[in-house]
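Asker: The structure is given below, and queries will be raised subsequently.
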Amino acid sequence: MASERLDAPELPDFTILKRLARDQLIYLLEQLPGKKDLFIEPELMSPLDRIANVSILKQHDIDKLYKLENKPIYSNADQLCFLIRPRVKHVKYIASLVNADKKAGVSRKYKIIFSPQKFYTCDMILEQEGIYGDVTSDEWAFYLLPLDDDIISMELPEFYRDYFLEGDQRWIGTVARALHLLNSIFGPMSKVYGIGRCSKMTYDLCKELLDEEDNIQKGRKPDLGLVFMIDRDVDYITPLCSQVVYEGLVDDIFRIKCGSVELGPEVTSSDKSVKILLNSQDKVFEEIRNEHFSNVFSFLSQKARNLQSQYDKRRGMDIKQMKTFVSQELKGLKQEHRMLSLHIGACESIMKKKTKQDFQELLKTEHYYRSLKTQYLQSYGPEHLLTFSNLKRAGLLTEQAPGEALTAVESRVSKLVTDKAVGKLTDAFSSLAKKSHFRGISKKLGLIPRVDGDYDLKTPKDMAYVFSGAYTPLSCKIIEQVLMRKGWTGLEEVTRLLNSIEFAEQLAEKNSFSDSHRTIIVVFLGGCTFSEISALRFLGKEIGYRFVFLTTAITNGARILESMTETKS
């Protein structure tokens with residue numbers, strides 16, 4: 001079977017998205033000629049650094065850079081530029097600065113750059129605060145940030161709470177425009193599959209944008225063919241499970257932010273922290289990122305031996321060979337050695353943190369929900385009544401009736417519920433399973449693998465390896481089934497149990513662009529986990545497809561729960 005398998009197609013070069021974003025930002029900054037200070041919203045600092053670093057900004061008349069914080073500013077510049085998300089609190093803060101300058105008789109020019117777009121509310125606030133005529137504003141249409149060869153993030157973590165909790169649809173147009181941009185550069189896309197109300201609304205809006213183009217791209221050979229769109233609330237179980245592939249664990253423990261991670265002294269074995277990019281350019285990481293954690297140590301130790309043998313080649317070299325070695329190999333070996341040390345340190349730190357946790361105790365805690373809820377509210381404050389209400393509204397928590405028992409399948413999967421979730425979700429898994437008809441869905445899709453003996457994690461045969469063979473991510477299984485069936489036929493019962501709407505739309509003639517059909521954009525609305533990415537990468541290798549992940553943000557159980565948490569105002 002393996003010999004008949006098609007090789008996955010090459011990926012398009014998504015770095016063009018960075019270049020487009022950088023060029024547009026430079027153009028906007030130059031609309032305010034001369035020296036200026038730039039104030040950047042904290043959440044935009046990491047994405048901005050991936051697009052245009054400090055030296056590039058300095059080349060375009062940015063004098064000083066500041067983090068936008070809710071406090072007075074001390075700038076002597078005649079021109080101030082603000083780079084922000086379209087949020088009410090930021091616009092009000094900028095208005096307060098402008099009005100303070102007016103009161104003090106300070107005359108400056110002000111420019112607000114909204115990213116990725118400006119909402120009507122922003123103009124309303126500028127008018128209400130009496131500064132509409134005092135500022136100029138622009139939009140930096142920065143929709144898509146390539147984090148790696150196959151991962152593109154919109155870096156909109158608020159999308160999840162805004163839509164799935166508050167019902168706010170303001171970001172749907174943003175995602176539609178992002179898809180339209182991808183289609184313009186790498187399309188035309190030939191077919192779209194989707195599941196979820198948010199996905200359907202986004203697709204409908206994107207289709208309107210595509211229709212306006214009047215078939216400009218008709219007949220062009222695309223880099224991308226198929227699109228699969230999925231709402232996060234179709235599958236809550238997967239992000240609430242503890243991740244066990246290496247990249248997922250690093251995210252759970254150290255928090256990967258915008259494709260990079262900061263590793264503290266406990267990892268670096270020094271008194272300093274180190275920030276590193278985690279992508280396919282790091283050859284050590286590239287080989288272990290999708291591996292089950294149990295396989296990572298053996299790989300790293302073998303890698304260390306291989307590196308040592310490469311260093312040992314220096315012995316017995318003549319001067320000419322040594323010169324070649326130093327100029328061509330030594331730098332790469334040193335970099336690889338540095339990254340190897342950091343990943344070994346990260347693994348050791350992960351092991352220490354994971355072995356401290358007593359999962360049996362955590363599972364016992366899950367069975368005393370009411371007592372735990374009372375204790376939680378007493379410890380952290382009554383405002384968390386709203387937190388529990390949010391969890392219920394989003395479908396993450398329903399109170400289990402006394403005496404209800406878990407099935408064997410649910411007991412098996414409940415052991416995967418993330419430790420961070422236990423304190424707040426408690427027995428949410430069992431109730432979520434009941435509410436979302438998990439038993440029926442699991443049976444229909446075969447989410448729990450049938451295995452004789454131990455599950456082989458070294459050479460896995462299916463996507464369940466990302467959860468130690470106990471569970472196949474529901475989202476990934478749906479994608480696999482739709483691709484295999486070339487549509488939703490035969491999955492009617494699954495979509496009924498999920499209480500979701502599904503759709504399939506042909507955008508180009510059938511059988512055209514057959515090669516590009518094997519490159520699939522999977523659009524996660526509300527966030528995607530590294531476990532899902534690893535699972536679909538595995539599936540792609542098995543069936544000769546290449547998946548590209550477009551997500552509103554990278555997520556995990558802790559992030560989803562944090563987005564539900566209410567704090568004192």
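The values are calculated or read from the model by the stated rules, or taken from the named source; none is laboratory data. Just so you know, these numbers come straight off a predicted model, no measurement behind them. Ideal geometry is used to build each Cβ from the backbone, glycine not excepted, and the neighbour counts take in all protein chains shown. The accessibility values were calculated without ligands, DNA or RNA, using every heavy atom of the protein model including side chains. Shrake-Rupley method; radii C 1.70, N 1.55, O 1.52, S 1.80 Å.
Asker: Only one residue in Phe164, Phe82 is farther than 30 Å from Glu286 by Cα, open to solvent by 10 Å² or more (accessible area, probe 1.4 Å) and of a type in the set (Phe, Trp, Tyr), so which one is that?
Answerer: Working: Phe82 fails: open to solvent by 10 Å² or more (accessible area, probe 1.4 Å).
Checking each option against the conditions leaves just Phe164.
Asker: Would it be correct to say that Leu44 is touching a Cys at 6+ places or on another chain (Cβ under 9 Å), closer than 17 Å to Asp138 by Cα and at pLDDT 90 or above?
Answerer: Working: touching a Cys at 6+ places or on another chain (Cβ under 9 Å): no; closer than 17 Å to Asp138 by Cα: yes; at pLDDT 90 or above: yes.
No; evaluated as a whole, the condition is false for this residue.
Asker: Within the bounds of segment 494-502, is there any residue that is under 19 Å from Ile230 (Cα atoms), open to solvent by 50 Å² or more (accessible area, probe 1.4 Å), in contact with a helix residue (DSSP H, G or I) (Cβ under 8 Å, 6 or more places away or on another chain) and not aliphatic (A, V, I, L, M)? Before you say what the answer is, go through the steps one by one.
Answerer: Step one: list which residues in segment 494-502 are under 19 Å from Ile230 (Cα atoms), which gives 494-502.
So of that shortlist, the ones also open to solvent by 50 Å² or more (accessible area, probe 1.4 Å) come out as 496, 499, 501-502.
Subset that is in contact with a helix residue (DSSP H, G or I) (Cβ under 8 Å, 6 or more places away or on another chain): 501-502.
Now restrict to residues that are not aliphatic (A, V, I, L, M): 502.
Checked against the condition, which is being under 19 Å from Ile230 (Cα atoms), open to solvent by 50 Å² or more (accessible area, probe 1.4 Å), in contact with a helix residue (DSSP H, G or I) (Cβ under 8 Å, 6 or more places away or on another chain) and not aliphatic (A, V, I, L, M), segment 494-502 yields at least one hit.
Asker: Go through (1) open to solvent by less than 10 Å² (accessible area, probe 1.4 Å); (2) of a type in the set (Val, Ile, Thr); (3) closer than 21 Å to Gly196 by Cα and name the single condition Ile554 misses.
Answerer: Condition (1) is where Ile554 drops out.
Residue by residue, here is whether (1) in a helix (DSSP H, G or I); (2) under 22 Å from Cys528 (Cβ atoms); (3) of a type in the set (Phe, Trp, Tyr); (4) at pLDDT 75 or above holds:
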position: Lys434; (1), (2), (3), (4): yes, no, no, no
position: Ile441; (1), (2), (3), (4): yes, yes, no, yes
position: Asp454; (1), (2), (3), (4): no, no, no, yes
position: Lys461; (1), (2), (3), (4): no, no, no, yes
position: Ser475; (1), (2), (3), (4): yes, yes, no, yes
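Asker: Kindly check whether there is at least one residue in segment 52-68 that is of a type outside the set (Val, Ile, Thr), within 23 Å of Ile152 (Cβ to Cβ) and exposed (fewer than 13 other Cβ atoms within 10 Å of the Cβ).
Answerer: Scanning segment 52-68 turns up at least one residue that is of a type outside the set (Val, Ile, Thr), within 23 Å of Ile152 (Cβ to Cβ) and exposed (fewer than 13 other Cβ atoms within 10 Å of the Cβ).
Asker: Would you please list the contacts, defined by Cβ atoms under 7 Å and residues six or more apart or on different chains, that run from a residue in segment 275-289 that is among the hydrophobic types (A, V, I, L, M, F, W, C) to a residue that is in a strand (DSSP E or B) and open to solvent by 10 Å² or more (accessible area, probe 1.4 Å)?
Answerer: These pairs meet every condition: Ile276/Ser260; Leu277/Ser260; Leu278/Ser260.
Asker: Still on this structure, please answer the following. For the list (1) at pLDDT below 85; (2) under 28 Å from Arg559 (Cα atoms), I need the number of the one condition that Val227 fails.
Answerer: (1)
Asker: List the strands (runs of 3 or more DSSP E) inside segment 502-569, counting only whole elements, that have at least 1 residues being among the basic types (Lys, Arg) and modelled with pLDDT of 90 or more.
Answerer: Answer list for segment 502-569: 546-551.
Asker: While we're here: Would you point out the residue of segment 513-551, among those that are polar (S, T, N, Q) and over 19 Å from Pro188 (Cβ atoms), that is surrounded by the most Cβ atoms within 10 Å (Cβ to Cβ)?
Answerer: Within segment 513-551, the first condition is being polar (S, T, N, Q), and the residues that meet it are 514, 516, 519, 529, 531, 534, 551.
Subset that is over 19 Å from Pro188 (Cβ atoms): 529, 531, 534, 551.
Values: Thr529: 31, Ser531: 28, Ser534: 25, Thr551: 25.
Taking the candidates together, the pick is Thr529.
Asker: Just to confirm my filter: which helices (runs of 4 or more DSSP H) fall fully inside segment 285-370 and include at least 2 residues that are within 31 Å of the chain's Cα centre (by Cα) and at pLDDT below 80? So that I can check it myself, show each step before the final result.
Answerer: Numbers: elements: 293-312, 319-325, 331-355, 359-366.
Hits in segment 285-370: 331-355, 359-366.
Asker: How many of the residues in segment 118-136 are crowded, with 18+ Cβ neighbours inside 10 Å and either touching an Asp or Glu at 6+ places or on another chain (Cβ under 8 Å) or over 14 Å from Ile84 (Cβ atoms) (or both)?
Answerer: Of the residues in that region, 2 qualify.
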